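Right, one structure below, let's go through it.
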Amino acid sequence: MGKEGDFGQTRKRFAKDNRAALEGLPLYMVILVVIATVAMVVLLTWMQGAQKIDLDRITVDPDTAKDGKETKITVIAYDTSGKPLEGATVTLDGCGVALIKKTSSTGKATFTITPDLGGDHYGVINVEVTYTGTLQKKVTDTIAVSG
């Protein structure tokens, strides 16, 4: 019968063996499985805490302005957990306004603008906030300008 017969006999003995499942495994194999399990738990726990912050929403206050009148505009950026987001790029563009700032540690970017409708009765200043976290994300809003 040779080696194939011996293997078949050994397999039958293990199939009938009702003792503990770890019995017969080399000690180094058991240690390796325990270490791998612990390492996997540590890695998964670390990955949950290392999630990147992303831009979620913005607020613009006030969201209206008058033609030719100086107005203080505050834009606040918030992350996905609702906290103020530092380092987002805020752009105001339209009605003679073209400004760019980064948000502070409080998530705010404050601008002083004087819109110019150029003879029109109504206009819009586009507010664009971009931030690169997990991916680059852009959130937009508008400021209505009237004469």
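No lab work stands behind these numbers, since they all come straight from the coordinates. Keep in mind it's a predicted model, so treat the numbers as computed, not measured.
A few points about this structure:
- Each principal axis of the Cα atoms in segment 51-147 has its own extent, and those three values, largest first, are 49, 21, 17 angstrom.
- Given K52/K72; K83/K138; K83/K137, the pairs whose alpha carbons are separated by over 21 Å: K52/K72
- Residues with amide H under 5 Å from that of R57, placed H, sequence gap 5 or more: Y78
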